[in-house]
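The values are calculated or read from the model by the stated rules, or taken from the named source; none is laboratory data. These figures come from a predicted structure and were not determined experimentally. Cβ coordinates were reconstructed from backbone atoms using ideal geometry, including for glycine residues, and neighbour counts include every protein chain displayed.
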Amino acid sequence: MLAEKIKNIQALLRTQHIDTLFIGNMDHQTHDDLLYYLLQTHLELGIMTIPQKGIPTLYAIPFEQEELQRMYTDIRVLPLQERISTLIKKLPKKRIGYRPSSLPSMYKKSGMIALKDEESIMAKKLPKERQLLKKAAQITDIIFADVVKQWASFQTEQDVATYIILKTIEYGAEPSFSPIVASGTRAANPHHTPEAKKLVRGFCVIDMGVRYRGYCSDMTRTIYIGAPTKKESEVYNHLRKVQQKAIASCTIQTTISDIATQCRTDLVEKLNAYFVHSLGHGLGTQVHEWPRISTNVQARLEEHMYITIEPGIYIPGKLGIRIEDDVLITKKGPLVYTTTSKELILV
């Protein structure tokens, strides 16, 4: 898979007339998502040079060199024994590319060229990537089912979040982000931090995801603690139908803004006022990737993009509801990898 990723990046370099791309984790504050995309390893310090043609070189901490070379046979691994600024000076005096998001300004030299459109390469998943993303989604479905089965044993939001984290590790993965568990009126905060307080009657938003062999899932389900009123059930079912319709519209060459705009129209004006975030985002080696699924994004969906669709309603002081799925764009239409039922579960 690494060889294919490198090939795609090198093709991009040729279109932008870049001879060598310089990327990496330069210090503890700078972590390059493109480097992680290529290696699926969190390197504390690592610099990679990717030529337009030929074999890339990874400069790593000396005591990690041997192990990294065994792991990555498609690249050359050398010890990083010089200052990063010196390494840049030693690059061939040609067109050197860099990523503005990850190269500290102190290292940028006159004449360097900012790489563009690498997000579009990362957005279209390779066959092996799709397999890993599907596995991550399957693990997430299993853990959520475990949560529902064990619900009677939980007293607080933190109890639920801790259980999710421990089960994630048990299934051979790691959390792709800290789980969100928000019950009762606290669910009106989309990014609520689970509290050591008793679970509250009402809707309970559970937003969770795993990272399996470098690839992320991100799923939200809303359950109900107690028994919902007729009005609460109607609001939930309306959002569920809107989300399902939005997923159905995720087809190749559909403009993203059209999907997001139609979703807000379907919510109806009264509820749309309480939909306070974008409809979704790309998903892959990072839990939030390009493209953002929003009313102001004019990009079109392409085959093998992998995105989330997650409309929500958040009424301050009353309730919060969100339903989120991970969706692969295919020639036959959208393929949902997160298969947990969206019927309202009562606990």
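Given the conditions (1) surrounded by 15 or more Cβ atoms within 10 Å (Cβ to Cβ); (2) within 17 Å of M48 (Cα to Cα), and given that K89 satisfies all but one, which numbered condition is not satisfied? For K89, the exception is condition (1). Among the residues of segment 151-166 satisfying the criterion of being in contact with a Pro (Cβ under 8 Å, 6 or more places away or on another chain) and not in a strand (DSSP E or B), which is nearest to K198 (Cα to Cα)? Only one residue fits best here, namely E157. Among the residues of segment 6-18, at least one is small (G, A, S), outside the structural domain of Q131 (by TED's automatic domain parsing) and surrounded by fewer than 18 Cβ atoms within 10 Å (Cβ to Cβ). Exactly one residue out of I96, I139 is closer than 30 Å to L166 by Cβ, buried (at least 18 other Cβ atoms within 10 Å of the Cβ) and touching a residue at least 60 places away in the same chain (Cβ under 8 Å): that is I139.
Yes/no per residue for (1) at pLDDT 95 or above; (2) in contact with a helix residue (DSSP H, G or I) (Cβ under 7 Å, 6 or more places away or on another chain); (3) not aromatic (F, W, Y):
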| site | (1), (2), (3) |
| --- | --- |
| A260 | yes, no, yes |
| Y274 | yes, no, no |
| H277 | yes, no, yes |
| A299 | yes, yes, yes |
| I315 | yes, yes, yes |
| D325 | yes, yes, yes |
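When we screen I321, I259, I313, I329 for residues that are touching a residue at least 12 places away in the same chain (Cβ under 8 Å), in a strand (DSSP E or B), surrounded by 22 or more Cβ atoms within 10 Å (Cβ to Cβ) and out of contact with any Phe, Trp or Tyr (no Cβ under 7 Å at 6 or more places or on another chain), the only hit is I329.
Can you name every residue in segment 218-248 that is buried (at least 17 other Cβ atoms within 10 Å of the Cβ) and part of a loop (DSSP other than H, G, I, E, B)? Result: D218, P228.
Just one of (1) in contact with a Cys (Cβ under 7 Å, 6 or more places away or on another chain); (2) surrounded by fewer than 16 Cβ atoms within 10 Å (Cβ to Cβ) fails for S176. It is (2). Out of D32, D27, one residue alone is of a type in the set (D, E, K, R) and in contact with a Pro (Cβ under 9 Å, 6 or more places away or on another chain). It is D27.
Among the listed residues Y212, Y224, which satisfies the condition of being in the same structural domain as A260 (by TED's automatic domain parsing) and closer than 30 Å to T330 by Cα? Before the answer, list the steps.
On the way: Y224 fails: closer than 30 Å to T330 by Cα.
Going through Y212, Y224 in turn, the sole match is Y212.
In this structure, does I23 turn out to be in a strand (DSSP E or B), assigned by TED's automatic domain parsing to the domain that holds S101, touching a helix residue (DSSP H, G or I) at 6+ places or on another chain (Cβ under 6 Å) and crowded, with 17+ Cβ neighbours inside 10 Å? Judged against the criteria, I23 is a match.
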